[in-house]
1. Using the scaling law 2.2 N^0.38 Å as the reference, what is the normalised Cα Rg of the chain?
2. Take the alpha carbon gyration tensor of region 267-317, find the square roots of its eigenvalues, order them as a ≥ b ≥ c, and report rounded if a/c is under 1.5; if not, report prolate when a/b exceeds b/c, else oblate.
3. Using only the alpha-carbon atoms, how far is helix 309-326 inclined from the longest principal axis of the chain? Give it as 0 to 90 degrees, nearest 10.
4. Name the shape class, rounded, prolate or oblate, that the alpha-carbon gyration tensor gives for region 161-253, where a ≥ b ≥ c are the square roots of its eigenvalues, rounded holds for a/c under 1.5, and otherwise prolate holds if a/b is larger than b/c and oblate otherwise.
5. Would you work out if region 27-156 is rounded, prolate or oblate? Take a ≥ b ≥ c from the square roots of the eigenvalues of the alpha-carbon gyration tensor; rounded if a/c is under 1.5, else prolate when a/b is larger than b/c, oblate otherwise.
6. Hey, quick one: spin label on residue 272, modelled 7 Å out along Cα-Cβ, who in region 424-456 has an amide N within reach, i.e. under 18 Å?
7. With axes computed from alpha carbons, what is the tilt in degrees of helix 199-214 against the longest principal axis of the chain, rounded to the nearest 10 within 0 to 90?
8. Give the order of 184, 47 when sorted by the count of other beta carbons within 10 angstrom, beginning with the fewest.
């Protein structure tokens, strides 16, 4: 079994930046990532796609190539296609790759697992033809595929970016249906002073909106009563906006109302988490270096709290510096010297976040779905089922597993966890912190007996 100074899970901006910096400080680094090529979701397949579709995806995307290039260091072992399914005592990371199990031991671990799109359970959201905006981004980046006759639904800057990219590709969306209201934007104005420190984000957003207006993309603001119609597949979106009822016939619906930290790995290690009301999700409890209350475990990037690609990049470097100091590779004085400009950049990049969180809140109808709406797709549990469990005495998500298997499917609660917490908290009149979240255990991802057997065989071969 290989032993390294630092194991990193996730080759997005935080993981790549941390791996490159740690290696330059003389640390032996193993970078484990599920994708065949580095980049994470934001820079997915950037080394190949930048040359093919860089003009559509923009300079923010092609910047990722500078991070992938920095991974070409002798101190970095980038293991692609690696699905980490357990982190055991002593920091033994178990993973599978190409049908075989393997392990790596590490003195310290950095979780850079990124974010997942917040599920948007609405009537009809499980129909074929409905996907997240992030899934649409994956299709575009990896395959150059964009849906025709699509409607974009939800809230947040990603919808504007996706719509603009579709427009540039010659397949503009039929409409942009936004759940955020003008009152949300007015409420965000109290954070405008801080947002002006991140004026580049504001300018970029205004540029996207201007591009959509020039392209004739219809926008509906403050939409309510959202429902996706269809029998065998999505056929139309119905909603109310501007005091009128609307129905848009379509073939594809892109849903998006923000992203939330992917906390499964952190939860499995027993790291403390706290409810963040501004982002309506749980965040791991960390110090200024990204170190958790479990000694030797760090979290950086969007898995530590949503901040965006640049924040993730700098936070990864900050965590790597602290690991280097803890390993005796740099002094405290050198740590502070190198950390100072990173902290300055982080403060500037994070300044816009309160404005964005307030201007683009999650869709209320998706946070508290109607009773008939499925919220746990794996086990086909509805919002009404969860409310009924509460009436029978269920007070938390772990009890909900016993009442009706919510969170026990293949995704292990990744996509229903926050909804279950919210529904139970509301029904029981308690806070999300008091309600809690699923207790996450290994395996974090499905693993077969064959893969386990191959891991044992690999260990025997190494011993011989």
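Values in this text are rule-based calculations from the coordinates and carry no lab data. Not measured: the values here are computed from a predicted model. Positions of Cβ are generated from backbone atoms using ideal geometry, with glycine treated the same way; all protein chains shown enter the neighbour counts.
1. Here the answer is 0.98, to two decimals.
2. oblate
3. Helix 309-326 sits roughly 20 degrees off the main axis of the chain.
4. Oblate, since a/c reaches 1.5 and b/c is not below a/b.
5. Oblate is the answer for region 27-156, as a/c is 1.5 or above yet b/c matches or exceeds a/b.
6. Residues passing the 18 Å test: 432-437.
7. It works out to around 40 degrees.
8. Lowest to highest Cβ neighbour count: 47, 184.
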